[in-house]
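Just so it is clear, none of the values below were taken in a lab; they were calculated from the coordinates. Remember, predicted model here, so these are calculated numbers, not experimental data. Because the Cβ atoms are built from the backbone with ideal geometry, glycine has one as well, and the counts that use them run over all protein chains shown.
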Amino acid sequence: MMQRVFAALSVGLAVGLAVAGLTACAGSGAGSAGAPHSVAKPFLTQSFDMLTGPTWKGTLTYRNYSDGQWVTIPCNVRIAAEHSPQTRAQYTWSTSYTDEPHADGATLVTVDAAERTISMGDTTERIVAMASTPESSGSQTQVLVTEFAGEDDARPATIRKVYTMGAKVLSVQKLVRWDGSSRDFIERHVYRWHRE
């Protein structure tokens with residue numbers, strides 16, 4: 001599934017959504033001119049609620065801009081649900097880096113179904129696409145694609161993130177396209193976690 005999503009994103013969001021079988025969200029600029037597609041709160045809360053509980057174990061793989069090499073380090077995350085207002089769900093993501101404990105930290109993540117956004121700290125990501133596919137276990141794997149204006153390598157850029165969330169697998173991929181660049185999105189980093 002992840003390869004299909006990444007391939008679709010690499011040829012552009014509007015065309016890629018159809019290829020990957022993702023649904024564009026209304027107001028993203030990638031959807032059709034038809035009726036708005038509502039991001040239902042149950043879809044979003046179920047996607048994130050299933051991430052809570054035992055610690056996720058895995059890795060962070062990132063591109064080192066100084067030499068262009070890829071680096072992989074051990075990384076774990078534990079996700080806990082917080083008090084949630086009526087239209088929002090909040091979660092604390094506590095991330096730990098086995099070999100670099102100075103980088104450990106916690107982030108409050110707010111999922112707003114009404115606004116179709118995911119917020120982390122001062123950053124608000126707009127949900128532009130979503131998909132749900134069945135797993136052999138009978139549960140669902142959810143894929144959310146978000147975009148927001150930000151910076152990468154000290155340059156203004158459009159940031160795209162792909163969240164893949166299942167009962168036993170979780171990944172968050174960051175892709176970047178610098179402002180004014182003729183290049184398509186490039187992968188900046190990806191977290192890959194699993195649990196039993």
List the chymotrypsin sites (Phe, Trp or Tyr not before Pro) within region 60-115 that fall in a DSSP loop (any state other than H, G, I, E or B) and whose Cβ has at most 13 other Cβ atoms within 10 Å. 65
What would the Debye formula give as log10 I(q)/I(0) at q = 0.17 Å⁻¹ for the alpha-carbon point model of region 35-194, no solvent? -1.13
For Cα pairs less than 8 Å apart in space and 6+ apart in sequence, what is the mean separation divided by the residue count of region 35-194, i.e. the relative contact order in percent? 18 percent
If you place +1 on the Cβ of every Lys and Arg and -1 on the Cβ of every Asp and Glu, how big does the dipole about the Cα centre of region 35-194 come out, in debye to the nearest 20? 380 debye
Label-point gap, in nm, between residue 102 and residue 181 - each point 7 angstrom along Cα→Cβ: 2.8 nm
Those trypsin sites (Lys or Arg not before Pro) in region 43-107 that DSSP places in a loop and that have at most 12 other beta carbons within 10 Å: none
Tell me, in nm to one decimal, what length is gained between residue 72 and residue 189 on full extension, where the rule is 0.36 nm per residue of separation less the Cα-Cα distance? 41.2 nm
